[in-house]
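Asker: Once you've had a glance at the structure underneath, I'll fire off some questions.
The values are calculated or read from the model by the stated rules, or taken from the named source; none is laboratory data. If you're wondering where the values come from, they're calculated on a predicted model, not measured in any experiment. Backbone-built Cβ (ideal geometry, glycine too); neighbour counts: all protein chains shown. For accessibility, only protein heavy atoms count, side chains too; no ligands or nucleic acids. Shrake-Rupley method; radii C 1.70, N 1.55, O 1.52, S 1.80 Å.
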Amino acid sequence: MSPDLLEQGSERLRSASGPGYGRLVQPGQLDLAHGRILYLEDVSVSFDGFRAINRLSIDIAPGELRCIIGPNGAGKTTMMDIITGKTRPDSGTVYFGGTINLLRHSEAEIAQLGIGRKFQRPTVFEAMSVFENLELAMQGARTLRTSLWGRLSGAQRDRLAEVLMLIRLQDQMNRSAGLLSHGQKQWLEIGMLLVQDPRLLLLDEPVAGMTDQETERTAELILTLKGRHSIIVVEHDMGFIDRIAEKVTVLAEGAVLAEGTLAQVQANDRVIEVYLGR
Ligand code: ADP
Ligand code: MG
């Protein structure tokens, strides 16, 4: 392992933290009394005078799987940037559970609170094995140097094995991540989030560039995760959305255009006009 890779690892994991490493709230401590794990109200943000998010309000229930669709530029990624502390809104309210004001926390703290995010492009460490990638994600940056040569606890090994099975990479665990297919890299990155046991998982276009078979396997994976984690999925692939969707939110021009089942939003005239009927 070169110093460069270690540096890269530290950078990548700056905001990551495995279970037990500085978690700010333990799972039982998140206040879900009002039936919401995530709550955005009247959130706005402008970039150079352009309102990317415009008085957006969204509620996510504990254990919910929410799909977000909408045209390019609708503000879907920016919404995730706001939830994860990467972008600060100009106004509005963002709460995790009933009591945690996410606007008071840094990006690193928000990751530690149990919000995991997968970006559009996979960012695994190509020179490291599948197993090492997961191990690193589990241990977090603080123990980076020891983790590579150190030992995992029995419980950590069990969880790692469980995640390897979930993402169907058991047979690839000793392969370099760089040799995986695009779809497998995406699964590995989801696995790197799962070993940190996030309460809320944000997936931005998880099946972009995947084959039909990989897309189907990703749908199966997400359905398996439902309930254990609250999940927000942004996707354009309607077949995939149809496969996993419960409630669908359509975003356009930084605000909610429609909400309901996929059938309901697909029948909505405004949704057809701005998105589906292109
Ligand atoms: P989506 O993910 O729905 O395609 P985005 O959230 O990426 O949309 O972008 C919404 C709008 O905000 C776009 O017009 C984009 O160019 C703009 N935008 C997003 N992030 C930034 C930024 N950091 N600086 C300037 N403009 C941005
Ligand atoms: Mg986007």
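Asker: Looking only at the chain, where both bridge partners belong to it, what percent of the DSSP beta bridges are antiparallel (to the nearest 5)? Numbers along the way, then the final one.
Answerer: Details: 20 of 38 bridges.
Around 55 percent antiparallel, to the nearest 5.
Asker: Next up: Kindly identify the chain as rounded, prolate or oblate by the Cα gyration tensor criterion: order the square roots of the eigenvalues as a ≥ b ≥ c, call it rounded if a/c is under 1.5, otherwise compare a/b with b/c, prolate if a/b is larger, else oblate. Could the numbers behind the result be given before it?
Answerer: On the way: a/c = 1.80, a/b = 1.41, b/c = 1.28.
Here the chain falls in the prolate category.
Asker: How would you classify the stretch 177-239 from its alpha-carbon gyration tensor, with a ≥ b ≥ c the square roots of the eigenvalues: rounded for a/c under 1.5, else prolate if a/b is greater than b/c, otherwise oblate? Present the calculation step by step, with values, prior to reporting the outcome.
Answerer: On the way: a/c = 1.89, a/b = 1.21, b/c = 1.56.
Oblate, because a/c is 1.5 or more while a/b does not exceed b/c.
Asker: Another question, then. Mind jotting down a quarter of the surface of the convex hull over the alpha carbons of the stretch 196-278, in square nanometres, one decimal? Don't skip to the answer; put the middle values down first.
Answerer: Numbers: hull surface 24.4 nm².
Its Cα hull, projected and averaged over all orientations, spans 6.1 nm².
Asker: From the phi angles alone, apply the Karplus equation (6.51, -1.76, 1.60; θ = phi - 60°) to the stretch 243-252 and give each ³J(HN,Hα) in whole Hz, x where the residue is Gly or Pro.
Answerer: With the stated coefficients, the stretch 243-252 comes to 5, 10, 6, 10, 9, 10, 10, 9, 9, 8 Hz.
Asker: Given points 7 Å out from each Cα along the Cα-Cβ axis, report the D269 to K86 separation in nanometres with one decimal.
Answerer: Inter-label distance under the simple model: 3.7 nm.
Asker: Return the lysines within reach of K76: Cα separation strictly under 19 angstrom, same-chain partners fewer than 8 residues apart disregarded; answer none if there are no such residues.
Answerer: Once the sequence-local lysines are set aside, what remains near K76 is K86, K118, K247.
Asker: Please work out the Cα center distance from the stretch 55-121 to the stretch 225-278, rounded to the nearest Å.
Answerer: Each part reduced to its Cα centre gives a spacing of 17 Å.
Asker: Report ³J(HN,Hα) in whole Hz for each residue of the stretch 263-268, in order, from the Karplus equation J = 6.51 cos²θ - 1.76 cosθ + 1.60 where θ = phi - 60°; Gly and Pro get x.
Answerer: Taking θ as phi minus 60°, the curve returns 4, 5, 6, 5, 8, 6 Hz for the stretch 263-268.
Asker: If you count only protein heavy atoms with a 1.4 Å probe, what accessible area per residue comes out for the stretch 73-226, rounded to a whole Å²? Working shown, then result.
Answerer: Numbers: 6280 Å² over 154 residues.
Heavy-atom accessible area per residue stands at 41 Å².
Asker: So what is the relative contact order of the chain, in percent, for Cα pairs below 8 Å that sit 6 or more residues apart?
Answerer: Details: 512 pairs, mean separation 73.3, N = 278.
Reported relative contact order: 26 percent.
Asker: Work out Dmax and Rg for the stretch 132-278 from the C-alpha atoms and quote the Rg first, both in angstrom.
Answerer: Radius of gyration, then largest Cα-Cα span, for the stretch 132-278: 17.9, 58 Å.
Asker: Still on this model: Using the Cα centre as the reference, give the magnitude of the dipole from point charges on the C-beta atoms of the chain (Lys, Arg: +1; Asp, Glu: -1; all else neutral), rounded to the nearest 20 debye. Don't skip to the end; give the middle numbers.
Answerer: Working: 30 positive and 35 negative charges, 133 e Å.
Once rounded to the nearest 20, the dipole reads 640 debye.
Asker: Please report the antiparallel percentage of DSSP beta bridges with both residues in the stretch 141-278, rounded to the nearest 5.
Answerer: Numbers: 5 of 11 bridges.
Close to 45 percent.
Asker: So, in Å, what gap is there between the alpha-carbon centers of the stretch 157-175 and the stretch 200-214?
Answerer: 19 Å
Asker: If packing is taken as the mean number of other Cβ atoms within 10 Å per residue, what is the order of 51-59, 174-182, highest first? Write out the running numbers ahead of the final one.
Answerer: On the way: 51-59: 18.8, 174-182: 14.7.
Highest mean packing first, the order is 51-59, 174-182.
Asker: At 0.36 nm per residue, minus the direct Cα-Cα distance, what do S46 and Q29 gain on full extension? Give it in nm, one decimal, please. Mind dumping the intermediate values first?
Answerer: Values: separation 17, 0.36 × 17 = 6.12 nm, distance 3.37 nm.
Once the chain is fully extended between S46 and Q29, it gains 2.7 nm.
Asker: Each residue of the stretch 43-55 in order: what ³J(HN,Hα) in whole Hz does its phi give by Karplus 6.51 cos²θ - 1.76 cosθ + 1.60, θ = phi - 60°, with x for Gly and Pro?
Answerer: With coefficients 6.51, -1.76 and 1.60, one gets 8, 9, 8, 10, 10, 6, x, 8, 7, 6, 10, 10, 6 Hz.
Asker: I'd like to know which of I190, F50, A219 lies farthest towards the positive end of the charge dipole of the chain, counting +1 on Cβ of Lys and Arg and -1 on Cβ of Asp and Glu.
Answerer: I190
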